[in-house]
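The structure appears right after this line, and notes come after that.
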């Protein structure tokens with residue numbers, strides 16, 4: 001188990017490059033692939049200066065500029081909606097479950113709760129559990145396309161669902177994380193979020209934000225680097241202000257039932273990994289199983305001219 005805090009010193013300088021390419025009309029965004037779609041990269045313990053950076057490209061669907069999501073629908077799906085700041089990040093491998101079962105790293109992210117929009121927080125802090133993270137035993141990092149990448153000090157608005165039960169405990173996987181950077185709201189990949197009059201969250205242009213571009217792992221043991229497309233912006237953003245979005249979300253949440261129970265994740269509890277046993281091949285239907293393959297008739301030729309097969 002590895003714990004990362006703001007005061008922890010740097011360890012072996014490894015670099016891991018997380019590449020999320022931007023298409024012409026839009027970049028990889030928070031609509032993501034199915035659960036369990038993960039990509040792993042390893043540096044074999046080599047310092048960054050000894051080899052080229054490892055690149056990861058998790059498979060995911062692509063959200064385009066102009067896409068919108070209804071904020072009320074998102075709140076209704078959530079067990080808890082809160083605004084918080086990342087306080088600590090810890091990693092733990094899943095418990096052994098047989099010789100052929102791979103031990104999978106999980107990331108436990110503890111937030112200091114700044115404000116509760118919907119539901120009931122268990123206290124001033126809470127912990128969310130995500131699949132993926134650092135495997136210190138093998139010096140590798142498992143990057144999941146369904147889980148965000150967090151850093152100490154990140155501020156977010158989070159819509160939580162199924163914490164401790166799902167691979168990513170957020171509504172819509174990474175969609176349930178709204179970054180708050182310099183008081184404005186962005187998606188996981190740095191796209192500006194706008195709030196329309198009918199409470200739709202509209203996805204705007206992507207911005208090259210330092211907090212989005214680089215994530216530090218374990219106090220500098222690894223770095224995750226995100227690349228941007230040519231259309232990403234460097235200038236001022238027109239993203240909605242976080243205070244305005246939180247106020248609107250609170251108003252919408254007043255009519256939503258709060259009977260769902262949120263439970264904080266505990267890193268000292270037993271941790272079972274996902275079942276990665278390959279599914280058996282589909283069984284052939286009885287008719288197909290009894291069919292015999294008839295080889296095609298040979299091609300006849302006469303004086304060097306091929307004749308059609310007999311029908």
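Taking the conditions (1) at pLDDT below 95; (2) in contact with a strand residue (DSSP E or B) (Cβ under 6 Å, 6 or more places away or on another chain) in turn, residue 198 satisfies each one other than (2). Report whether or not residue 97 is modelled with pLDDT of 65 or more and either touching a helix residue (DSSP H, G or I) at 6+ places or on another chain (Cβ under 6 Å) or within 30 Å of residue 250 (Cβ to Cβ) (or both). No; evaluated as a whole, the condition is false for this residue.
Being over 16 Å from the mean Cα position of the chain (by Cα), more than 26 Å from residue 140 (Cα to Cα), touching a residue at least 12 places away in the same chain (Cβ under 8 Å) and buried (at least 22 other Cβ atoms within 10 Å of the Cβ) narrows it down to one of 160, 185, so name that one. None of the others qualify; the one that does is 185. The set of residues from segment 201-231 being buried (at least 18 other Cβ atoms within 10 Å of the Cβ), assigned to a loop (DSSP other than H, G, I, E, B) and either modelled with pLDDT of 90 or more or touching a helix residue (DSSP H, G or I) at 6+ places or on another chain (Cβ under 9 Å) (or both) comprises 209, 226, 228.
Going by what's in this entry, would residue 113 be described as surrounded by 21 or more Cβ atoms within 10 Å (Cβ to Cβ), modelled with pLDDT of 95 or more and assigned to a strand (DSSP E or B)? Here the answer is no, as residue 113 does not meet what is asked.
With respect to the conditions (1) closer than 21 Å to residue 184 by Cα; (2) surrounded by fewer than 18 Cβ atoms within 10 Å (Cβ to Cβ), residue 261 lacks only one, and its number is (1). What residue, among those in segment 159-184 that are touching a helix residue (DSSP H, G or I) at 6+ places or on another chain (Cβ under 6 Å) and assigned to a strand (DSSP E or B), is farthest from residue 129 (Cα to Cα)? Within segment 159-184, the match that is farthest from residue 129 (Cα to Cα) is 181. Do you know which residues across segment 117-134 are buried (at least 19 other Cβ atoms within 10 Å of the Cβ) and in a strand (DSSP E or B)? Scanning segment 117-134 gives 117, 118, 126, 127, 128, 129, 130, 131, 133, 134. A search for C-beta distances below 6 Å between a residue of segment 237-264 that is under 17 Å from residue 114 (Cα atoms) and any residue that is part of a loop (DSSP other than H, G, I, E, B), counting only pairs 6+ apart in sequence or on different chains, returns 241/183; 242/183; 262/79; 262/119; 264/122.
The values are calculated or read from the model by the stated rules, or taken from the named source; none is laboratory data. In this text the structure is predicted, and so the values were computed from the model without any measurement. Counting neighbours? That spans all protein chains shown, and the Cβs are built from the backbone with ideal geometry, glycine included.
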